[in-house]
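One structure below.
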Amino acid sequence: MKRVFLYMLFAVLSIGYAAAQAEIKFDKTTADLGTFPEEKPVVSCVFTFTNIGNVPLVVHQAVASCGCTVPEYTEEPVLPGKTGTIKVTYDGTGKYPGHFKKSVTIRTNAKTEMIRLFIEGNMTPKGEK
């Protein structure tokens, strides 16, 4: 009898836990940094996200696909209905001019635990407009 009660309690708690979950929604998942000169190789963009779930959202990690790309993110929990940001900076110093596309992998406690964001742009060679 005790076992049946424990299984029932576990089932009820599991259902309650599944219903309470953070959910993340981004304003965009790809940012176009445009065209910029090799003389000014550092450009940034900001991705804004909203917690559309019903518990606080926590960004655990933001990992760039390359050392030339650095993400900075809201580290404190984002309450339901509130927004946070992920700023991504690309540094093309020492890189070949031309088109690039980089990714940043975001890991959270949201229903969708992993999301990939992309930045792309075109760095023109020195002396070219």
Legend entry - Of the criteria (1) without any contact (Cβ under 8 Å) to a residue 24 or more places away in the chain; (2) over 14 Å from the mean Cα position of the chain (by Cα); (3) surrounded by 14 or more Cβ atoms within 10 Å (Cβ to Cβ), which one Lys40 fails: (3)
Legend entry - Pick from the stretch 108-129, criterion within 30 Å of Gln21 (Cβ to Cβ) and of a type outside the set (A, V, I, L, M, F, W, C), ranking: farthest from the chain's Cα centre (by Cα): Lys111
Inset, instruction - Name the strands (runs of 3 or more DSSP E) wholly inside the stretch 63-120 in which the number of residues that are hydrophobic (A, V, I, L, M, F, W, C) and under 13 Å from Phe49 (Cβ atoms) is 2 or more. - result: 83-91, 98-108
Legend entry - Top-ranked residue of the stretch 43-57 - restricted to ones that are of a type in the set (S, T, N, Q) and within 14 Å of the chain's Cα centre (by Cα), ranked as surrounded by the fewest Cβ atoms within 10 Å (Cβ to Cβ): Thr48
Inset, instruction - Quick one: in the stretch 82-129, of everything that is without any contact (Cβ under 8 Å) to a residue 60 or more places away in the chain and of a type in the set (Phe, Trp, Tyr), which residue is surrounded by the fewest Cβ atoms within 10 Å (Cβ to Cβ)? - result: Tyr96
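Only the coordinates and a few stated rules stand behind these numbers; no lab work does. Just so it is clear, the model here is predicted, and its values are computed rather than measured. Glycine gets a Cβ as well: all are built from the backbone with ideal geometry, and neighbour counts include every protein chain shown.
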